[in-house]
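The values are calculated or read from the model by the stated rules, or taken from the named source; none is laboratory data. Since this is a predicted model, take the numbers as computed values, not measurements. So basically every Cβ, Gly included, is an ideal-geometry build from the backbone, and we count neighbours across all protein chains shown.
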Amino acid sequence: MNKKEANKLISTYYAGATTCQEEEQLRTFFSSKNVPDEFQKHADQFRYYDEVRNVEHYQCDPFAKIDFEKDAAVPPFEGGVSGMAEKESKFDEAETTIATAENISSRVMFDPLNNKPGNKLTWLLRIAAGFLLLLAGFAAGQFLETEDYASTQQVAQLEQEVQQMKRALMNTGRHQQASAGERLSAVNLSTRIAAGDETSDQQVTDILIHTMNTDENVNVRSAAAEALFQFRKEVGIKVAFINGLSKQDDPLMQITLIDMLVELEATNAISEMEKMLANNDTNELVRRELEAGIAELNV
Amino acid sequence: MTKEEFKTCVLPAKGKLFRLAVILLNSRPEAEDAVQDVYLKLWNMRSKLAQYTSVEALAVTMTKNLCIDKLRSYRHRNQNANGLEKVTLSSSDRYDPAQQLERNESMLQLHEIINRLPEQQRMVLHLRDIEHYSYDEIESMTNMTRNNIRVTLSRARKGVREEYIKTYNHE
């Protein structure tokens, strides 16, 4: 390969557009003895990637946490008894949800807005989670029996979940009732509520947008933005993000929103971003993200 | 699926899963732990593994998700008012390349530079430039669009180049 060809391949490489074969060619070129000086910087990077690959040896036993004997005695159900398998997986999902919710609540204990003592909080959360589990199990059972009954049941269950979410997240004009931990788990649960049902999706996204814009806790706002991203196919999400971008002054939120707008290829966000860039108060790291984002969207 | 069949099926991916976890978590013990968690989950779903065209791809996605969850929970605990605190694990846990890589300045610099990349860029760079996965494979592992992968990869590669040139010029 001559210098000219090499240079061409190298720029294609930095543009992220090389194929596996072209990268292989570059690797060979860079590992040869007579690499011209000006290519040394690139060659070093390639050499690093090769060395790292050879050096990372996993020495532990990856199966250390598995108890083969115990599980071998009670084999899991194969596809045949599908009813049982579905119930089991819903149960697992609910279990993990409860576990995550409890983990989150116990980590946010020092939240200054939390007025309730620790025990009551966990107790209430357990009740709420148990209720959800009951509903989930009930809905799963119903769904497996008849289609008709199931759909009304499902809709009723959806309604329930949306109401609970509303109660946890919507500000009733005074201080928010639920603690930050509860609000955070409500946001995380919202993504599981989405069942493709138009009206409930609309309600859920409205609640999430409200939370993203107004919640007092930046972590909850950020989680709401990310949850909204799951609903990105809905009409109005892009607009909500752009509005959010102009209202938020927290750098973490700004960066999260910029990233998402770039992902969504939202070109009408460009003017808002340029406005922020022109504003001298904008945080340095956010500026960099803005520049990168604008460049991206202009492509 | 018997124990032996399971091991044959999942063991080949061990190194790749570990390398991915190390680059995301920046800690050897955390990465070892994460891989064991992934293998446990795989064992628990062993009856469904036959349905997957690539168990390796599944395992990589699971590893990525697990690591990102771990990072998020650290972030929620360690954030300061600006909300941009980086993940800091105890210094004894930190992955120290000096033990493994050739005692070579430029290699160490590159290691540091890559660790400072944002998590998504670091991950895509790792999957492509170190593990040589195809775009299709990366798409299914990360749920990113092809275009997004190209863009992120480009940013990551350029980022590494810029930082490296800076340190290069200071010598």
Of the residues in the stretch B:1-38 that are within 17 Å of residue B:119 (Cα to Cα) and more than 10 Å from every other protein chain (Cβ to nearest Cβ), the one that is modelled with the highest pLDDT is B:34
Any idea how many residues of the stretch A:30-60 are at the interface with chain B (Cβ under 10 Å from one of its Cβ atoms), surrounded by 12 or more Cβ atoms within 10 Å (Cβ to Cβ) and not in a helix (DSSP H, G or I)?
3
The residue from B:53, B:61 that alone is surrounded by fewer than 18 Cβ atoms within 10 Å (Cβ to Cβ), among the polar types (S, T, N, Q) and within 11 Å of residue B:17 (Cα to Cα) is B:61
Give A:292, A:266, A:227 a once-over and let me know the one that is within 14 Å of chain B (Cβ to nearest Cβ), closer than 22 Å to residue A:185 by Cα and either over 20 Å from the mean Cα position of the chain (by Cα) or of a type in the set (Gly, Ala, Ser) (or both).
A:227
Among the numbered criteria (1) away from chain B (no Cβ under 13 Å); (2) under 15 Å from the mean Cα position of the chain (by Cα); (3) of a type in the set (D, E, K, R), which one does residue A:201 miss?
(2)
So, of the residues in the stretch A:238-281 that are in contact (Cβ under 8 Å) with a residue 24 or more places away in the chain, hydroxyl-bearing (Ser, Thr, Tyr) and surrounded by fewer than 19 Cβ atoms within 10 Å (Cβ to Cβ), which turns out to be farthest from residue A:295 (Cα to Cα)?
A:246
Selection status of residue B:132, buried (at least 16 other Cβ atoms within 10 Å of the Cβ) and either within 9 Å of chain A (Cβ to nearest Cβ) or modelled with pLDDT of 90 or more (or both)
no
So how many residues does the stretch B:14-48 have that are without any contact (Cβ under 8 Å) to a residue 12 or more places away in the chain, assigned to a helix (DSSP H, G or I) and farther than 18 Å from residue B:122 by Cα?
5
